[in-house]
Amino acid sequence: MTDHPFYRLAPFIQEYIYEHGWTELRAVQVEACRAIFGTHGHLLLATGTASGKTEAAFLPVLTLLHENPPHTIGALYIGPLKALINDQFFRLDDLLKEADIPVWHWHGDVPQSHKRKLLDDPRGVLQITPESLESMLINRRTYLPRLFEDLRFVIIDEVHAFMGSDRGRQVICQLQRLSRFTRRSPRRIGLSATLGDYSLAEAWLASGTDRQVVTPRVEDGQQRIRLAVEHFYLPAENAGAKQLGKDQTDRYYRYLFDCTRAREKCLVFANSRGETESVVAAMRDIARRERLRDIYHVHHGSISAPLREAAEAAMRDPDMPAVCAATVTLELGIDIGQLERIAQLRSPFSVSSFVQRLGRSGRRGAATEMWFACSETPPRPKDTLPAHVPWDLLQAIAIIQLYVEGRWIEPIAPTCYPMSLLYHQTMSTLAEMGEMSPPALAQRVLTLPPFQQVSQEDFRTLLLHLIETDHIERMDEGGLIIGLTGEKTVRNFRFYAVFPDNEEFVVTDGSTQIGSIIMPPPPGERFGLAGFTWEVVDIDVDRKIVSAKRVGGRVQASWAGAGGDIHTQVLERMRQVLLEDTEYPYLQAGARERVKEARSLARRAHLDHIHFLALGGNAYGVLPWLGSVAYRTLERMLRYCIRDTLGIRNVSGLCPYYLTFQMQEGSTRQLYDQLLRASRSLSTGEQLLSPDEAPRLQKYDEFVPTPLLRKAFSSDHLDVGELRAKLHTWQAPEPDTAHQ
């Protein structure tokens with residue numbers, strides 16, 4: 001028995017395990033111990049939510065730090081959310097009470113006195129967000145050697161939330177910059193519950209190092225899943241307060257109220273902040289009318305920290321029922337106790353998100369349980385065929401089936417030209433280092449792993465533009481420093497984050513901060529926040545503060561939905577759902593009937609082989625069944641390649657489901673032939689941009705010169721190759737569908 005990893009753990013950890021009644025180490029914990037104790041490689045732990053990944057990483061790491069104490073911080077934990085760091089801090093603090101290994105957390109809400117103690121005696125484990133680490137690299141450079149010289153491990157939590165984003169690439173840049181202050185190459189440990197392609201995650205985790213990545217294949221066991229999918233018609237927001245629309249809306253919220261009331265702890269996930277606000281306000285209103293207690297909470301990025309923490313505490317309290325509506329803020333691994341059911345408003349955008357949200361329930365051996373409430377605006381008789389397809393419902397079914405049939409999860413597409421991040425890391429490096437020669441700056445920045453595809457000429461183009469716009473100033477001797485315009489950006493605390501953020505107005509009720517909104521209504525008007533209705537009392541425009549008082553009634557919340565790219569595999573599975581006869585056991589009566597109607601429509605319209613639709617007159621449509629990137633490419637091909645040839649005008653649609661347009665000349669067969677010809681002739685996606693177009697999609701794109709933005713967009717946001725390949729698989733339309 002002495003060869004079991006348990007006996008290799010430090011004595012204080014063994015005692016902790018005994019005292020907390022663990023009967024055994026979980027499989028992922030055993031494999032993590034073997035990898036960390038027995039190899040020198042990085043480690044990727046990819047197992048289900050609540051499988052014990054955090055303990056799997058920390059138990060062997062803390063053992064090694066206990067046996068051979070480093071003279072600086074020994075382990076750096078990087079988490080995507082302050083709340084997740086706070087949660088892990090208290091879990092670690094409890095574990096380390098008996099050991100001489102301090103644990104520190106560092107982010108914007110941590111008091112300066114706590115940070116000062118770390119700077120005075122840097123030991124143990126540091127938990128930090130990427131934004132705070134960026135600030136540290138810029139503002140604490142003189143402390144970095146004594147903070148990190150003996151760093152042994154870097155633990156990155158929720159790696160799927162970082163991969164494929166500028167924030168994740170920022171983390172890789174930070175680790176590379178930090179390596180200049182460490183005397184050894186720290187081992188990296190990545191944690192994730194939702195990974196599609198392990199090799200991509202391994203490559204990301206090892207970026208900039210020469211260590212191999214160990215990825216134990218740990219079976220989570222057969223997961224029991226309970227699913228329910230229902231469908232509702234909801235009136236458009238501008239449809240007015242007609243009784244039919246009110247009845248449909250009330251039925252929708254009644255369903256959600258009933259499916260959450262039957263459980264002690266429930267999470268309601270939505271794709272936007274506005275939806276979380278609306279559903280909590282509606283359920284709270286139903287509870288009030290039925291004289292039931294208020295157990296409802298809202299959790300998203302615009303809710304104040306005290307209210308978010310109150311929601312988390314309510315969800316953890318084992319003695320009180322609680323329902324919380326949330327966005328992605330509770331999708332990640334914050335411990336909120338034993339959840340009995342998840343409700344999902346509309347379909348998530350990805351299988352990854354579905355799996356992450358599903359995994360929040362069903363802990364301690366119970367089945368995972370998720371109830372979907374899919375919705376659409378009722379189609380009108382005069383609407384064209386695409387508007388009669390229940391896209392949200394089809395997407396929910398497709399996402400479920402892709403996971404339950406083959407455990408498929410979206411692979412994360414690489415980004416070749418992250419130009420916004422290139423600006424950010426260039427300015428951050430200058431802020432850290434001070435004056436640098438152009439070659440020295442290029443060597444520092446272009447050797448960071450995310451910029452492998454960026455050429456010296458690209459970087460020269462960026463530097464010349466930044467000098468011209470005074471973000472960078474060239475000294476008489478040729479050195480570069482941050483210019484006056486650049487100072488305004490870099491010295492703002494918002495600079496540390498690479499994701500876009502809105503300067504919202506803080507909402508207060510007396511001395512209590514409620515949250516924030518983007519655009520407040522005028523005094524006397526009302527808005528929704530934290531699941532309540534508020535009336536504006538006063539607005540301080542200069543300080544961006546809204547004074548409000550709580551009032552009764554319900555109003556529409558003021559956030560737009562958060563979009564997301566959808567993978568082609570999801571669209572192809574949606575098409576299969578529409579064309580097959582399979583009956584899915586989790587569909588409720590309304591969803592079953594809606595799928596039946598949609599399949600009947602598909603048969604009548606011959607959608608099994610038709611992609612092009614003649615919609616009457618000179619109106620046409622395309623059902624491409626392509627993901628967001630290829631759809632975007634097709635849309636631009638219609639606008640810029642064959643527009644004049646066929647007289648195409650007024651291109652619109654619903655991404656990525658369908659496109660509609662007017663065509664003055666030709667037929668659907670000629671349209672198909674022209675698309676094929678255009679796809680063969682394109683050598684680069686940049687040919688699908690108008691002459692002066694430079695899409696600004698990321699936070700710092702406004703500071704990047706036009707040629708680099710065009711190059712980045714055509715490379716990373718369009719895919720001519722995928723569209724060309726898909727077009728060749730389509731059945732050509734019959735030649736007799738000419739426009740009359």
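Derivation of every value follows stated rules applied to the coordinates shown; laboratory data play no part. Just so we're clear, the structure is a prediction, and the values are computed from it rather than from any experiment. Please note: Cβ atoms are built from the backbone with ideal geometry, for glycine as well, and neighbour counts cover all protein chains shown.
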Using only Cα atoms, locate the centre of region 265-315 and the centre of region 88-108, then give the distance between them in Å, rounded to an integer. 30
Amide H proximity to S272 below 5 Å, modelled H, separation 5+ or other chain, gives A562
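Looking at region 5-214, send over the antiparallel percent of its DSSP beta bridges, to the nearest 5. Each step should come with its number before you reach the end.
On the way: 0 of 23 bridges.
The antiparallel proportion sits near 0 percent.
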Please express the shape of region 505-551 as an equivalent ellipsoid: the semi-axes are the square roots of 5 times the eigenvalues of the C-alpha gyration tensor, given largest first in whole angstrom. 14, 11, 10
Expected-Rg normalisation [2.2 N^0.38 Å, Cα atoms] applied to region 225-406: 1.04
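Do the sum for the chain: with -39,500 (n - 2.57) for every DSSP H run of n ≥ 4, divided by all residues, what is the mean residue ellipticity at 222 nm, to the nearest 500 deg cm²/dmol? Before the final figure, lay out each step's value.
Values: 26 runs with 293 residues, N = 740.
One gets -12000 deg cm²/dmol as the mean residue ellipticity at 222 nm.
For region 111-159, what mean projected area does the convex hull of the alpha carbons give, in nm²? List each step's numbers first, then the result.
Numbers: hull surface 15.6 nm².
If I average the Cα hull's projected area over directions, I get 3.9 nm².
What does the extension gain come out to for Q212 and D3, with contour length at 0.36 nm per residue minus their alpha carbon separation?
72.8 nm
Fewest first, what order do Y657, Y18, Y296 take by the number of other Cβ atoms within 10 Å? Show your work: numbers first, answer last.
Working: Y657 20, Y18 9, Y296 26.
Going from least to most buried by this count: Y18, Y657, Y296.
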Please state the charge dipole magnitude for the chain, taken about the Cα centre, from unit charges on C-beta atoms (+1 on K and R, -1 on D and E), reported in debye and rounded to the nearest 20. 780
Tell me, what is the percent relative contact order of region 225-406, built from C-alpha pairs under 8 Å that lie six or more residues apart? 28
For region 5-214, compute Rh as the Kirkwood radius over C-alpha pairs and then the Stokes-Einstein diffusion coefficient at 10 °C and 1.306 mPa s; write the answer in µm²/s, rounded to an integer. 92
Quick one: if you stick a label point 7 Å off each Cα along the C-beta vector at R261 and T384, how many nm between them? 4.4
Taking only the alpha-carbon positions of the chain and ignoring solvent, what does the Debye formula give for the base-10 log of I(q)/I(0) at q = 0.07, 0.09 Å⁻¹? -0.56, -0.95
Around R180: net Lys/Arg minus Asp/Glu count, Cβ-Cβ under 12 Å: +2
How much net charge surrounds Y584 when only other residues with a Cβ under 14 Å from its Cβ are counted (Lys, Arg +1; Asp, Glu -1)? 0
Would you mind listing how long region 329-401 runs along its three principal axes, going by Cα atoms, in whole Å with the largest first? 51, 23, 18
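Sorting L96, L200 on the 10 Å Cβ count, fewest up front, what's the list? Don't skip to the end; give the middle numbers.
On the way: L96 21, L200 16.
Taking fewest neighbouring Cβ atoms as first place, the list is L200, L96.
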What number comes out for the charge environment of G196, summing +1 per Lys or Arg and -1 per Asp or Glu over other residues with Cβ under 10 Å away? -1
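Rounded to the nearest 0.05, what FRET efficiency do R288 and R604 give with R0 = 45 Å and r taken as the Cβ-Cβ distance? Could you check?
On the way: r = 46 Å, r/R0 = 1.03.
According to the calculation, E is roughly 0.45.
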Coordinate range along principal axes, alpha carbons of region 606-727, Å, largest first: 47, 27, 25
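Scaled to the compact-protein estimate 2.2 N^0.38 Å, what is the alpha-carbon radius of gyration of region 419-489, rounded to two decimal places?
Working: Rg = 11.0 Å, N = 71, 2.2 N^0.38 = 11.1 Å.
So region 419-489 has a normalised radius of gyration of 0.99.
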Calculate how many DSSP beta bridges within the chain are antiparallel, expressed in % of all such bridges and rounded to the nearest 5. 40
Taking V595, V125, V404 and counting other beta carbon atoms within 10 angstrom, the fewest-first order is V404, V595, V125
Cα-based Rg / Dmax (Å) for region 167-224: 14.0, 47
For the chain, whose charge dipole is built from +1 on Lys and Arg Cβ atoms and -1 on Asp and Glu Cβ atoms, the candidate among G721, I13, F527 with its Cα farthest towards the positive end is F527
Hydrodynamic radius (Kirkwood) for region 533-653, which is based on Cα pairs only, to one decimal in Å: 19.2
